[in-house]
1. Being farther than 27 Å from Val66 by Cα and either surrounded by fewer than 20 Cβ atoms within 10 Å (Cβ to Cβ) or within 28 Å of the chain's Cα centre (by Cα) (or both) is the requirement here; does Ser192 meet it?
2. Output the number of residues of segment 172-194 satisfying the condition of being within 21 Å of Gly281 (Cα to Cα) and either of a type outside the set (S, T, N, Q) or part of a loop (DSSP other than H, G, I, E, B) (or both).
3. Checking Asn179 against (1) crowded, with 16+ Cβ neighbours inside 10 Å; (2) free of Cβ contacts under 8 Å to residues at least 24 places away in the same chain, which single condition isn't satisfied?
4. Which residues, taken from segment 80-128, are closer than 30 Å to Leu269 by Cβ, without any contact (Cβ under 8 Å) to a residue 40 or more places away in the chain and not small (Gly, Ala, Ser)?
5. Here are Val146, Val162, Val236: which of them is in contact with a Ser or Thr (Cβ under 9 Å, 6 or more places away or on another chain), surrounded by fewer than 24 Cβ atoms within 10 Å (Cβ to Cβ), within 27 Å of Gly15 (Cα to Cα) and of a type in the set (A, V, I, L, M)?
6. Any chance segment 103-113 includes a residue that's buried (at least 24 other Cβ atoms within 10 Å of the Cβ), assigned to a helix (DSSP H, G or I) and over 16 Å from the mean Cα position of the chain (by Cα)?
7. Return the residue satisfying two criteria in turn: it lies in segment 226-270 and is over 21 Å from the mean Cα position of the chain (by Cα) and of a type in the set (Asp, Glu), and of such residues it is modelled with the highest pLDDT.
8. Taking the condition of being under 16 Å from Ala203 (Cα atoms) and among the charged types (D, E, K, R), how many residues in segment 348-377 meet it?
Amino acid sequence: MAVNNIHRKRDKNLGVFELVAIALGGMIGGGIFTVLGISVSMIGVFTPLAFIVGGLLALLAVYSYVKLAVYYKDEGATYSFFKRTFPDSPFAASLIGWWVIFGYISTLALYAYTFSSYAISGFEFANNEIVRKVVAGSIILLFTLVNIWSVKGMGKIEDIMVYTKLVILTIISFVLIGNENTSIPTLLQNSSEINILSILIVASLTFVAFEGFQLVINAVNEMEKPEVNIPKSIYVALALAVFIYFILSYGAIITIPFESIIANQEYALASGADKIIGHWGTDLVILGAVLATSSAISGTLFGASRQMSVIAEDGYFPSLLTKRQNNIPYASIITMAILAFLLVLAGDLKVILEFSSVTFLLVSLLMAIANLKIYKKTSSSLIITILAIIGLFTGMALILYYEYTTQKQQLYFIGGLYVLLTIAAYLFSKYYKNARKSLDKTRSNFDDLKNENE
């Protein structure tokens, strides 16, 4: 049934440079481009502050992930850490596996939808949902093929896309700041009163913009010196992500009118840049968005497909998903791509965003709880670990509170998804338990026969 991933042959093609690129590819994807309009509509001038708070929340999640990753060195990441920390609960292991994988599938859909929104934003059919979804499916297909092609090839392409987009996004930020038409004090004077609770809710909603750091851990079998490179690459990537989000959101709110950002939420930066800094500015924003979402799709497919394959090896997903070629889990990559496209066809942008944020807050909370159980083994600080549990639980509760008070239908939809995932997890854990009993019985019969012969 289970395969010990530690003993799988390792082709160490990825160094710190590539690992930072994978993490940033996952983080700076649909995040800033998708949540900017939503954030401005809710808290206006305080949007940059919400990204800093969101980064601190992500830092609390990162702490336990890094400690567990260095201790276990398992490409199964979230799923494997929980399963190995709580080995006597097949249902819990199955449940977290289903939750986290579908969290990644929802982020793939989010990134693909954002890519298509920006890619066609300059055309007459920019608001045509059919065209938008076809383009989203096409970009998922492209990076599915890239990930199946080669680990090293994917790593190099990811390097180019990620570091190019960092340069472009930094340029966009300072160009926007250089063309400001208002100031923070002016915006503060003209803004309605915003309470701290609203800022914390937005910070929690934007948590999905930071979730890509986990993808580094999924590449443990393809990296050099994981005990050094995992923490180094994740902390560097998180710091860069917070910096980019802050200056880009700051530049946007002092340059682009709030009405424009809110009215064109799917491609707010492109719409605003055209009116403020001309056509070339729009093209630069679109290029940055396309690169950001492309690298996010590629990085997410890379990391999450490996975790999906590990879960399937343990019997909690269909066995078909264990298939690999040249250590590349092509069956999992293809399956994730198909499910992400189906979610693009069926889902709404805001629902996908909120489901993703709730899911990753939830699984990050479970990782902090797992780290608390073995904090001495992982050499973790008890105070920081407990603080992480409190912070992550609060973030998740804030999103659910926001949904309950403002959008109950979306809360029901998200709840329905969790019910379906929980049922599937239960059925596979039951199958796993029965298969394990059958295997143990076979071994017992074999031992009895052996003893009789002796």
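1. Here the answer is yes, as Ser192 does meet what is asked.
2. 11
3. Against the list (1) crowded, with 16+ Cβ neighbours inside 10 Å; (2) free of Cβ contacts under 8 Å to residues at least 24 places away in the same chain, Asn179 comes up short only on (2).
4. Ile120, Phe123, Glu124, Phe125, Asn127, Asn128
5. Values: Val162 fails: surrounded by fewer than 24 Cβ atoms within 10 Å (Cβ to Cβ); Val236 fails: in contact with a Ser or Thr (Cβ under 9 Å, 6 or more places away or on another chain).
Among Val146, Val162, Val236, only Val146 is in contact with a Ser or Thr (Cβ under 9 Å, 6 or more places away or on another chain), surrounded by fewer than 24 Cβ atoms within 10 Å (Cβ to Cβ), within 27 Å of Gly15 (Cα to Cα) and of a type in the set (A, V, I, L, M).
6. Within segment 103-113 (the criterion being buried (at least 24 other Cβ atoms within 10 Å of the Cβ), assigned to a helix (DSSP H, G or I) and over 16 Å from the mean Cα position of the chain (by Cα)), the answer is no, since none of the residues qualifies.
7. Glu227
8. Final tally of qualifying residues: 2.
The values are calculated or read from the model by the stated rules, or taken from the named source; none is laboratory data. This one's a predicted model, so the numbers in the text were calculated from it and none came from an experiment. Note that each Cβ is placed from the backbone with ideal geometry, even for glycine, and that neighbours are counted across all protein chains shown.
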